[in-house]
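First up is the structure itself, then whatever we jot down about it.
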């Protein structure tokens with residue numbers, strides 16, 4: 001079963017990031033991106049962001065996820081394209097869930 005999960009996760013990642021060229025973000029990148037979707041998988045959920053290199057996101061970047069200005073969890077960018085990123089959930093407050101429309105911003109201090 002695990003072998004079937006890996007290709008589906010890779011397919012979702014490839015779809016979300018697309019065949020975009022890896023380019024440096026623009027100097028005016030705001031470092032913020034809304035959540036587009038959360039894809040549930042057996043072992044972890046993937047969070048698709050509407051922002052990539054253009055917003056300053058890079059693989060390995062640790063980010064906060066917030067709703068209505070209140071941070072409630074941490075994500076790490078797993079893959080970043082020019083305009084899309086895929087993140088993994090590191091932690092969430094009790095009974096919190098990442099939803100489409102939540103805002104993701106890189107942490108000022110990227111230590112976990």
Worksheet entry | Residues within the range 77-112 that are in a strand (DSSP E or B) and closer than 15 Å to residue 32 by Cβ, tallied | 8
Practice prompt. Say whether the condition of being at pLDDT 95 or above and either surrounded by fewer than 16 Cβ atoms within 10 Å (Cβ to Cβ) or in a strand (DSSP E or B) (or both) is met by at least one residue in the range 19-34.
Written response: no
Worksheet item: Could we say that residue 12 is over 10 Å from the mean Cα position of the chain (by Cα), modelled with pLDDT under 95, under 15 Å from residue 102 (Cβ atoms) and surrounded by 13 or more Cβ atoms within 10 Å (Cβ to Cβ) here?
Response: no
Worksheet item: Looking at (1) assigned to a loop (DSSP other than H, G, I, E, B); (2) within 14 Å of residue 106 (Cα to Cα), which is the only condition residue 74 fails?
Response: (1)
Practice prompt. For the range 53-71, enumerate the residues that are over 13 Å from the mean Cα position of the chain (by Cα) and not in a loop (DSSP other than H, G, I, E, B).
Written response: 54, 67, 70, 71
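The values are calculated or read from the model by the stated rules, or taken from the named source; none is laboratory data. Computed from a predicted model, the values in this text were never measured in an experiment. When we count neighbours, we look across all protein chains shown, and the Cβ atoms used for this are built from the backbone with ideal geometry, even at glycine.
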